[in-house]
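Data block below; observations after.
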Amino acid sequence: LKLLSTLAEVKEAEIDGLVLVPTMGALHEGHLSLVRKGSQLGKPVVVTIFVNPLQFAANEDLSRYPRNLEQDCQLLGGEGVEYVFAPSVAEIYPRVSSKVSVPEVTEEFEGAKRPGHFDGVATVVCKLFQIFRPSAAVFGLKDLQQCAVIERMTQDLNIPVQLCFEPTVRENDGLAKSSRNAYLTAAQRNSAPVLYRELNRCAEAISQGNNVASALEQARVQLTDAGFSIDYFELIDRISFRRTENLNKDSAIIAAAKLGTTRLIDNVLLFTTPNMS
Ligand code: PAF
């Protein structure tokens, strides 16, 4: 595994036709599944590890965000990854005078909750695409709105990259893997799988033709009873990222809810897994 930290080193490495797996480090099984997908594509895999300050609001946990490059590299070495790119903030942002915004798909949900967050994500991903010119890039479906932002950005800006969106990796009880799960108390950890259970129940009810509004409401009630404080629990179209009552192949139910101070997000797709676009 070769560790690159500057743009000059990237240029010197002359890696052609690579598969990019952008991350912020603190890697877990979810990230490793993205790496494995990347490896299956038969091209050199570059994993980027960069805690992107532009996607954190002033009140968010940028300084507390876990950083463990050595352990991350060990994990990636075990997966046969060829290159890790772990630049400094100054290397990526000598200045920030241009940003990428994808307003149409970021007005609601995580975009509304975290103003500026998706501009930060789109900007850094666009820069990484320019730096590496990857033939493909892999992202996790857990952050469904992020997938919509990246998909729309690559279309709007004609970026020639094949996007792969990989299914969420879960604990045995269904809870989506996330570094933030570590913040849950034992009692909250017991309740946490109810989120995925209700997403599935609701998806089942809606695909069987039950009334959408009442299926969503029933799930919200169950979650509130289990101790969740709900930010949103909605049926949307994953491409436009708008609420909808009409089912199509891109229908998804998305949820964000807090247990105590820990905010969990999750989603289920009703019909298909968009492996590649
Ligand atoms: O999903 C993430 O870890 C980040 O948002 C990403 C895509 C690496 C951009 O910083």
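Each helix, a run of at least 4 DSSP H residues, gives -39500 (n - 2.57); summed and divided by the residues of the chain, these come to -10500 deg cm²/dmol at 222 nm.
Calculated translational diffusion coefficient of the chain (10 °C, 1.306 mPa s; Stokes-Einstein with Kirkwood radius over alpha-carbon pairs) equals 81 µm²/s. Ranked by the mean number of other Cβ atoms within 10 Å of their residues, highest first, the peptides 158-166, 91-99 come out as 158-166, 91-99. Spatially close Lys pairs in the chain, defined by Cα atoms under 16 Å apart and a spacing of eight or more places or different chains, total 8. Summing Cβ point charges (Lys, Arg +1; Asp, Glu -1) relative to the Cα centre of the chain gives a dipole of roughly 180 debye. With each label modelled as a point 7 angstrom along the Cα→C-beta vector, the Asn211-Glu104 pair spans 3.3 nm.
Efficiency by 1/(1 + (r/R0)^6): what FRET value for Thr6 and Glu29, r their Cβ-Cβ distance, R0 = 35 Å, to the nearest 0.05?
In this case the efficiency is close to 0.70.
With the convex hull constructed from alpha-carbon coordinates only, the stretch 58-185 shows a mean projected area of 9.9 nm² over all directions.
What Kirkwood radius, in Å to one decimal, follows from the Cα pairs of the stretch 1-82?
13.7
When DSSP beta bridges are restricted to pairs lying wholly in the chain, around 55% turn out antiparallel.
The overall shape of the stretch 205-277 is oblate: from the C-alpha gyration tensor, with semi-axes ordered a ≥ b ≥ c, the ratio a/c is 1.5 or greater and a/b is no larger than b/c.
Since every read-out is calculated from the coordinates, none of them should be taken as a lab result. Because the structure is predicted, anything quoted here is derived from the model rather than measured. Please note: Cβ atoms are built from the backbone with ideal geometry, for glycine as well, and neighbour counts cover all protein chains shown.
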